[in-house]
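Visitor: Okay, handing you the structure first.
The values are calculated or read from the model by the stated rules, or taken from the named source; none is laboratory data. Please read all numbers here as calculations on a predicted model, not as lab measurements. Glycine gets a Cβ as well: all are built from the backbone with ideal geometry, and neighbour counts include every protein chain shown. SASA here: full protein model, heavy atoms, side chains in, ligands and nucleic acids out. Shrake-Rupley method; radii C 1.70, N 1.55, O 1.52, S 1.80 Å.
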Amino acid sequence: MKMNDKVISSRAEELLRFRIFIPAAFSFVCLLILTVVLFFEQVRSGEHHRQQVSRQSVRQIRIPAQRGMIYTRDLKQLTENYSSFELLFYPGEMRKRKRRESIRYMLNKADEISEAIGINHNLTVEKINRHINMRPGLPLPVLQHLSEKTAARAMEAVRGIPGAELEPMGTRGYPEKRLACHLVGYTRPADPQKAPDRTNFFYYLPDDVGVAGVEKLCDGINMENNLPVLRGIPGYSLIQVDHQGYARKNIIERIEPVNGNHVILTIDSVLQKTAEKLLEGKRGALVAVDASNGDILAAASAPGYDVGLFMPKISNKDYAALRDAPDRPLINRALQGVYPPGSILKPLIMLAYLENGIDPAKEVECNGYSQIYNARIRCASYRRGGHGMMNMHDALKYSCNAYMIELSQTIGLSPMQKVINEAGLCSKTGIGLPESAGFFPDSKLKRTRNGTKWNKYDTALLSIGQGLIGITPLQAALYCASLANGGIVWKPNLVSKMVDASGNDLWFRTPRINSRLNVKPESLQKIANGMFDVVNSGDGSGRSAAVKNLQLRGKTGSAEFGQKGNLKIYAWFIAHAKVKDKNIALAVVIEEGDSGGRTCAPLAAEFFKAAQAR
């Protein structure tokens, strides 16, 4: 019995030890797991948690860069960044016991300040409540773009109101107002919701971005050297906030923005002002280029508008007035206006004649009109019975339609299309701003517009710059330049270079050729001789453009438009001359003019006189 008792007792002890071991082992395993988890959370994931805590107490605020300036080639400043002021409320310093009381308090103070300075705010209960919900750590904008005078009155009004402050803000301005308005363009604040870096910032202060003109063309990164142009690189600051999201207002870190670089245009401010003054009260355009490299010296469109209307934001009323105005001031006629060229096309068509075997001495009789099928196309000499016998030189000098039409029937359409294409007409120039291509004279266009085939009548009209052809004033100026420089049609340059804040050159434009007139030098010389007599002989059609001590060569043009019985005239004049160190080519068009000789040639004379005086 004693032996059995010992066995039973031993087994009971083993069972007891086993029962104790199991919970102990389980507890040990649990403790081990807990230790591993805590190690992982504190050591391996500690940095992640610290970042999470940091994100809850630190906010990143975007700081926009200052925009670069735009200057003319003679360093006339066309843009500016001037300081204005904004009234801000800091919700954290204007809190009351209840949110409702806080909102009512801020609204009442906004009313008081607005009444004191005479400017209405647009705060509402909903706007304040939304701001507190979404951005409690950031100031609430109450009034923006206050002038220094208004800001001085506001400073008195906010005195004694905790949490109400006036802060400076940058505003884009245009000191010359209307000068080169279509070229310079304007800006507006970027839409933060569409910004690619929006998610990087708790509060997003947007850049001003270019909307039109050079402001848009040079807004971002220069693709040739990967440098910022007008719009710089933003900076940022970090602020601490409390557990409710309200700012403590101590900046932990501030990275300053990199301001934009400056753009120097090819435009000459004096010539641009001259061109715009010559167009006052008219609808039309004047473009002048340097025939040696394609630099645009002036590009005026009339009527224009005050760019300042768009800053800081144009009112709906003002924009509607510009958009709906019958004179269409928002359209840049120099680049976007499409007109039949009329007789300014004749020098180019004559080059086609010369290159296709027409003897310049060959004479054609002009009795005042040309008969094509059942239609008569009149010459300017119609009322006096015609010009009589005309060779090429005289036909250019007197702008004889009959001569052009008869020889067009000899060579046909294709040679004329060739020179029109080589001259860069009826196609975009690549200037970088919005421009029209015009429309090229061919059978496809005729079928599209009229549903009929091209015929001899269409060819006759084309030879005098009428019918199915449309060009822009910029194209006309570049074509005229090609007559002056041996046949080179340049890609136009509007931007000369980019410089940094210290004036160091960062980028230069490189002149580029768009096309060439594939004609003989002697053909160009014959045309140059005829264009000289257009201006400088006593009875040439462009004699009103003559300028003392200037070897000016030009061509008048008058293209009809409108309904039969109420036809109106697009008056044209193109010219080129060596003026000091520049070979200047010009094109001017006036809508509803009298004639190229009477309406446009005198304007060209005044422009070249201004160029002589530079």
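Visitor: Pick out the one residue from 553, 543 that is touching a residue at least 12 places away in the same chain (Cβ under 8 Å), open to solvent by 70 Å² or more (accessible area, probe 1.4 Å) and charged (D, E, K, R).
Guide: 543
Visitor: Do you know which of the residues in the range 198-222 that are closer than 13 Å to residue 65 by Cα and either without any contact (Cβ under 8 Å) to a residue 40 or more places away in the chain or not in a strand (DSSP E or B) (or both) is nearest to the chain's Cα centre (by Cα)?
Guide: Of all residues in the range 198-222, those closer than 13 Å to residue 65 by Cα come to 204-209, 219-220.
If we keep only those that are either without any contact (Cβ under 8 Å) to a residue 40 or more places away in the chain or not in a strand (DSSP E or B) (or both) as well, we get 204-207, 209, 219-220.
Working: 204: 25, 205: 23, 206: 20, 207: 17, 209: 11, 219: 9, 220: 12 Å.
Per the stated criteria, the residue is 219.
Visitor: Being part of a loop (DSSP other than H, G, I, E, B) and either open to solvent by less than 80 Å² (accessible area, probe 1.4 Å) or among the hydrophobic types (A, V, I, L, M, F, W, C) (or both) is the filter here, so list the residues in the range 372-382 that pass it.
Guide: Within the range 372-382, the subset part of a loop (DSSP other than H, G, I, E, B) is 373-374, 379-381.
The answer is 379, 380, 381.
Visitor: Let me ask something additional. Surrounded by 21 or more Cβ atoms within 10 Å (Cβ to Cβ), under 25 Å from residue 474 (Cα atoms) and not β-branched (Val, Ile, Thr): which single residue out of 408, 399, 414 fits that description? Outline the logic, then answer.
Guide: Numbers: 408 fails: under 25 Å from residue 474 (Cα atoms); 414 fails: surrounded by 21 or more Cβ atoms within 10 Å (Cβ to Cβ).
Checking each option against the conditions leaves just 399.
Visitor: Now for a separate question. From the list 147, 84, 114, which residue is surrounded by 19 or more Cβ atoms within 10 Å (Cβ to Cβ), touching a strand residue (DSSP E or B) at 6+ places or on another chain (Cβ under 9 Å), of a type in the set (Ser, Thr, Tyr) and touching a residue at least 24 places away in the same chain (Cβ under 8 Å)?
Guide: Working: 147 fails: surrounded by 19 or more Cβ atoms within 10 Å (Cβ to Cβ); 84 fails: surrounded by 19 or more Cβ atoms within 10 Å (Cβ to Cβ).
Every option except 114 fails the conditions.
Visitor: Restricted to the range 223-242, and to residues that are surrounded by fewer than 17 Cβ atoms within 10 Å (Cβ to Cβ) and either among the charged types (D, E, K, R) or within 22 Å of the chain's Cα centre (by Cα) (or both), which residue is modelled with the highest pLDDT?
Guide: For the range 223-242, the residue satisfying everything is 233.
Visitor: Can you give me the number of residues within the range 275-320 that are under 21 Å from residue 431 (Cβ atoms), open to solvent by less than 30 Å² (accessible area, probe 1.4 Å) and outside any loop (DSSP other than H, G, I, E, B)?
Guide: Adding up the residues that qualify gives 17.
Visitor: Can you name the residue in the range 358-371 that is in contact (Cβ under 8 Å) with a residue 12 or more places away in the chain and in a loop (DSSP other than H, G, I, E, B) and is also farthest from residue 542 (Cα to Cα) among such residues?
Guide: Initially, the range 358-371 is screened for residues in contact (Cβ under 8 Å) with a residue 12 or more places away in the chain, giving 358, 360-370.
From what is left, the residues that are in a loop (DSSP other than H, G, I, E, B) are 358, 360-363, 367-368.
Working: 358: 25, 360: 21, 361: 22, 362: 23, 363: 22, 367: 22, 368: 20 Å.
Per the criteria, the residue is 358.
Visitor: Just to be sure, is residue 550 in a helix (DSSP H, G or I), within 26 Å of residue 601 (Cβ to Cβ) and either in contact with a strand residue (DSSP E or B) (Cβ under 9 Å, 6 or more places away or on another chain) or not acidic (Asp, Glu) (or both)? Full working, then the answer.
Guide: On the way: in a helix (DSSP H, G or I): no; within 26 Å of residue 601 (Cβ to Cβ): yes; either in contact with a strand residue (DSSP E or B) (Cβ under 9 Å, 6 or more places away or on another chain) or not acidic (Asp, Glu) (or both): yes.
Spelling it out, it is not the case that residue 550 is in a helix (DSSP H, G or I), within 26 Å of residue 601 (Cβ to Cβ) and either in contact with a strand residue (DSSP E or B) (Cβ under 9 Å, 6 or more places away or on another chain) or not acidic (Asp, Glu) (or both).
Visitor: Within the set of pairs 6+ apart or on separate chains, which have a first residue in the range 339-354 that is at positive phi, a second that is buried (at least 24 other Cβ atoms within 10 Å of the Cβ) and part of a loop (DSSP other than H, G, I, E, B), and C-beta atoms under 8 Å apart?
Guide: 342/464; 342/465
Visitor: Here is a list of conditions, (1) surrounded by fewer than 18 Cβ atoms within 10 Å (Cβ to Cβ); (2) more than 20 Å from residue 493 (Cα to Cα); (3) not β-branched (Val, Ile, Thr), and residue 428 meets all of them except one; can you say which number that is?
Guide: That leaves (2) as the condition not met.
Visitor: Of the residues 460, 501, 477, 484, which single one is out of contact with any helix residue (DSSP H, G or I) (no Cβ under 9 Å at 6 or more places or on another chain) and on the phi < 0 side of the Ramachandran plot? Quick ask: steps written out before the conclusion?
Guide: Numbers: 460 fails: out of contact with any helix residue (DSSP H, G or I) (no Cβ under 9 Å at 6 or more places or on another chain); 477 fails: out of contact with any helix residue (DSSP H, G or I) (no Cβ under 9 Å at 6 or more places or on another chain); 484 fails: out of contact with any helix residue (DSSP H, G or I) (no Cβ under 9 Å at 6 or more places or on another chain).
Of 460, 501, 477, 484, the one residue that is out of contact with any helix residue (DSSP H, G or I) (no Cβ under 9 Å at 6 or more places or on another chain) and on the phi < 0 side of the Ramachandran plot is 501.
Visitor: In the range 321-341, is there at least one residue being in contact with a Lys or Arg (Cβ under 7 Å, 6 or more places away or on another chain), among the small types (Gly, Ala, Ser) and open to solvent by less than 50 Å² (accessible area, probe 1.4 Å)? Even if it seems obvious, please write down each step before you answer.
Guide: Just the residues of the range 321-341 that are in contact with a Lys or Arg (Cβ under 7 Å, 6 or more places away or on another chain), to begin with: 327, 330.
Filter once more, keeping what is among the small types (Gly, Ala, Ser): none.
No - not one qualifying residue is present in the range 321-341.
Visitor: While we're looking at this one, here's another question. In the range 556-584, what residues are under 14 Å from residue 285 (Cα atoms) and of a type in the set (A, V, I, L, M, F, W, C)?
Guide: The initial filter retains those residues of the range 556-584 that are under 14 Å from residue 285 (Cα atoms), namely 570-574.
Residues satisfying the conditions are 571, 572, 573, 574.
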